[in-house]
Structures are given as structure tokens and as C-alpha cells.
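Read the figures in this text as sums done on the coordinates, not as results from a lab. Values in this document were obtained by computation on a predicted structure and should not be read as measured data. Cβ: placed from backbone, ideal geometry, glycine included. Neighbour counts: every protein chain shown.
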Amino acid sequence: MTLLALGAPPTPPGTQPDPRGQMLYTVGMLLFMVFIFYFLIIRPQRVRAKNQENLLKAMKPGDKVVTSSGIMGTVVSVKDKSVSSRSADTKLEILKSAVSEITERSGEPSS
């Protein structure tokens, strides 16, 4: 009974709700959903993409990197779309987009 008392009061008999008010309510809810969708999904994805782009631009020989497949190596050379990396006794050429993280910058002491 308490929950029913919290609801909207019933309309008097013989009257109909204002259709413009219902339309404004619906449009308002739709705009609210778009706003929430933007701030929870689209904006964080753009921030991540921008950070990844800056990471790839700042990559230089001597940096230690981790690829998305988990291979750890040291950058030997950087090209337009690929990176030559040395991992143990193996030299690999990988796409820049596969680099997920730079663990240590060249010239900086490890922490």
C-alpha cells in the first residue's frame, strides 16, 4: 500500500492526460539517455584512443614495450606503420597498433 501511495495521483474521471506533456517527458528521457551514453561509452573510448595515439607517436628506439599478445621486447627501430623489436635472441617486426604499453623509456632509469 505504501508503494501505491508514492505513485502519481490518478487523473480525475473524464479527463485525459496532456499529450504534449507526455511527449516532452519522452523527449527529455531520450536526451537524458543520449547524455549518459555519451559520457559512459563514447567519451572514455575517445580518451583511450588519443592516449594510445600519443603513446605510439612518442615511441623511439631503446624503449621497452609490451604488445597486445604479451610479447615483451626492446624497440630497435620505428617505421611508419611497424616497429622492429628485439626479444631475447629474436628480432621481430610488429605493427605499431599491436604495441599496448611502453614499460620503460630509453634513457630513463627503471623504477
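General remarks:
- Along the range 63-75 the Karplus relation, 6.51 cos²θ - 1.76 cosθ + 1.60 evaluated at θ = phi - 60°, assigns HN-Hα couplings of 6, 9, 10, 10, 8, 5, 8, x, 7, 9, x, 10, 5 Hz to successive residues, with x for each Gly and Pro.
- The angle between the Cα long axis of helix 43-57 and the longest principal axis of the Cα atoms of the chain comes to about 10 degrees, rounded to the nearest 10.
- Once the Cβ-Cβ distance of D89 and I41 is raised to the sixth power relative to R0 = 41 Å, the FRET efficiency obtained is 0.40.
- Once Cα Rg over 2.2 N^0.38 Å is calculated for the structure shown, the corresponding label among [x] 2.10; [y] 1.24; [z] 1.28 turns out to be [x].
- In the chain, helical runs assigned H by DSSP with n ≥ 4 each contribute -39500 (n - 2.57); averaged across all residues and rounded to the nearest 500, the mean residue ellipticity at 222 nm is -11000 deg cm²/dmol.
- At an R0 of 30 angstrom, the distance between the Cβ atoms of K57 and V27 translates into a FRET efficiency of 0.10.
- Of the chymotrypsin sites (Phe, Trp or Tyr not before Pro) in the range 27-111, not one is in a loop by DSSP (not H, G, I, E or B) with at most 15 other beta carbons within 10 Å.
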